[in-house]
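The block underneath contains the structure these notes are about, expressed in structure tokens.
What follows draws every value from the coordinates through simple rules; no lab data is involved. On a predicted model such as this, the values are computed, not experimentally measured, just so you know. Every residue, glycine among them, receives a Cβ derived from its backbone with ideal geometry; neighbour counts consider all protein chains shown.
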Amino acid sequence: MKTNQRNIILGILIFLYPATANAMHIMEGFLPKEHSIAWFIAALPFLIFGAMKIQNIIKDKPEYKMLLGLAAAFIFVLSALKIPSVSGSSSHATGVGLSAILFGPAVSSILSGIVLLFQALLLAHGGITTWGANVFSMGIAGAAAAWAIFRLCQALRLSTKIAVFAAASMGDLITYAVTAGQLALAFPDPVDGFIAAYLKFLGIFAVTQLPLAVCEGLLSVVVYNTLADYEKQGLIKLPFTLVRSDVQ
């Protein structure tokens, strides 16, 4: 890895490194039971389809196993690094943008689901009862948004760096927009209802999430550029065909 790329990664990780041990995602037991069940049911079809996609990838393209592991590790590391939020909880990057770019949103939903399960069991981050809601916001909505934005940037013939940055950043922000909606549905404002609660949750997240989204976009560009360099050297092959002549 080039020295400047390494320095960028280190700088971003220092910014993301947690100052406290606050919980992240939607914590265990925070959502009403009926909401937890509903979000699990909503996420299930996407997870089944994603599992089928991963099975086909491993069967037809076994050389992508290492890249799948890298994408999962990227999600795990970024979503485990968090900074305090003004709400008293914390905010964190997601890492799903890179996996969505490489493998699509279906695969990203499974990778996110695995990561969120391990974090709930081993790190007490998130929870088992809220697993479906967290998977839906981060692994499904966030990944789908990142993939769609990346494809839109391709269609507009924007540079790959801009496409990766926009996809990763917006995937992060959409995750928190959906999370705010999940919380507002569960805890509407007593007077003004869902909309008022949604705007309040969005405002709380925005303080820390906007700079985090920028950091995630920059870090995703660095990692993607490194993978593209390795592909040029014949060391790996990325899972999609794209003109990457602008990647330096």
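Converting phi to 3J(HN,Hα) with the Karplus coefficients 6.51, -1.76 and 1.60 and the offset θ = phi - 60°, region 156-163 yields 7, 6, 6, 5, 4, 4, 5, 4 Hz in sequence order, with x at every glycine or proline. Shape analysis of region 153-228 yields a ratio of the Cα radius of gyration to the Kirkwood radius, Rg/Rh, of 1.16. Working note: Karplus 6.51/-1.76/1.60 with θ = phi - 60° gives region 30-43 the couplings 6, 8, x, 4, 5, 5, 4, 5, 4, 5, 5, 5, 5, 7 Hz, where Gly and Pro are set to x. Which value does Rg/Rh take for region 121-248 over its C-alpha atoms, Rh per Kirkwood? Rg/Rh for region 121-248 comes to 1.08. Of the peptides 30-36, 71-77, the order by per-residue mean of other Cβ atoms within 10 Å, starting with the highest, comes out as 71-77, 30-36.
Shape index of region 45-149: Rg/Rh, with Rg the Cα radius of gyration and Rh the Kirkwood radius from the inverse mean 1/r over Cα pairs, equals 0.98.
Listed from fewest to most Cβ neighbours within 10 Å, the set Cys153, Cys215 follows the order Cys153, Cys215.
Computed from backbone phi with θ = phi - 60° and the Karplus coefficients 6.51, -1.76 and 1.60, the 3J(HN,Hα) list for region 188-201 is x, 5, x, 9, 9, x, 4, 4, 5, 5, 4, 5, 5, 5 Hz; x is used for glycine and proline.
Of the peptides 167-179, 97-109, the ranking by mean beta-carbon count within 10 Å, highest at the top, reads 97-109, 167-179. Give the separation of the Cα centroids, region 108-129 to region 181-230, in Å. Cα centroid of region 108-129 versus Cα centroid of region 181-230: 18 Å apart.
Working note: Debye formula, equal point scatterers on the alpha-carbon atoms of region 25-232, no solvent; log10 I(q)/I(0) at q = 0.10, 0.15 Å⁻¹ is -0.40, -0.90.
Among the listed pairs Lys59/Lys161; Lys161/Lys200; Lys161/Lys232; Lys53/Lys232; Lys33/Lys53; Lys53/Lys237, those with a Cα-Cα distance over 24 Å are Lys59/Lys161; Lys161/Lys200; Lys53/Lys232; Lys33/Lys53.
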